Amino acid sequence: MNKHLDKYKKISDNIIKKAFVDLKGIRIIYIERKFKYFGKALNFGFFNVVMINPVLRTFSDKELKGFFAHELSHIQRHRDRGFFEKIFFIINYLFSEKFRRWEEREADKTTIKIGYGNELYAIMRKSYRISKWHEKRLKASRLSLKEIKFYTKKNK
Ligand SMILES: [Zn+2]
């Protein structure tokens with residue numbers, strides 16, 4: 001494990017300890033890989049994979065907290081689904097852009113609910129600056145900065 005993955009795991013474990021007690025002890029594999037997104041959480045039944053773009057090496061700890069809180073939100077949400085809900089989810093996720101957008105925004109709302117609204121705001125603002133492509137994509141699929149601020153305030 002390289003030192004970056006080591007740091008990521010520590011940040012992620014800390015969020016689990018504080019906010020996702022239910023995820024304690026589950027198997028999460030962290031993989032660093034160049035791909036077009038910043039990250040992705042995948043579920044393979046018995047274990048979970050969080051893929052992390054190496055560009056995140058340049059992100060601050062606060063921004064990384066926002067990143068992992070969002071990815072862990074996906075894992076928690078998937079864990080809370082029953083068997084048929086999981087099948088329904090996978091089919092919709094694969095074929096419906098609208099559904100993927102819904103899931104992304106719900107994961108953002110979960111991130112805020114568990115107390116990482118400011119961190120989510122920080123990583124989103126940083127991500128917009130990485131490239132125009134990322135900015136456009138994130139604006140189309142995730143909560144806006146305004147919405148993050150709004151829900152974070154409401155959550156206090
Ligand atoms: Zn996501």
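Readers should treat all values here as calculations from the given coordinates under stated rules, not as data from a laboratory. Just so it is clear, the structure is predicted and the values come from calculations on it, not from any experiment. Because the Cβ atoms are built from the backbone with ideal geometry, glycine has one as well, and the counts that use them run over all protein chains shown.
Structure summary
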item	result
Chain lengthening between residue 44 and residue 92 when straightened (0.36 nm per residue, less Cα-Cα)	15.6 nm
Highest-first arrangement of 118-131, 142-155, 21-34, where packing means the average Cβ count within 10 Å	118-131, 142-155, 21-34
Under 19 Å from residue 3, Cα to Cα: aspartates and glutamates that are on another chain or at least 8 residues apart	13, 32, 61, 63
Burial order of peptide ranges 86-93, 62-69 (average beta-carbon count within 10 Å, highest first)	62-69, 86-93
Convex hull of segment 1-84 built on C-alpha atoms - directionally averaged projected area, nm²	5.7
When each of 36/136; 9/136; 65/109 is checked by Cα-Cα distance, pairs over 22 Å	9/136
Local net charge near residue 17, Cβ-Cβ under 15 Å (Lys/Arg +1, Asp/Glu -1)	+3
Nonlocal amide H pairs with residue 30, under 5 Å, H built at 1.01 Å	50
Extreme residue, positive dipole direction of segment 37-156, given options 120, 56, 68 (C-beta unit charges)	120
For segment 135-156 and segment 61-114, distance of Cα centres in Å	15
Charge dipole (debye, nearest 20) of the chain; +1 at Cβ of Lys and Arg, -1 at Cβ of Asp and Glu	500
Relative counts (whole %) of C-alpha pair distances in the chain, using bins that are 10 Å wide	10, 42, 39, 9
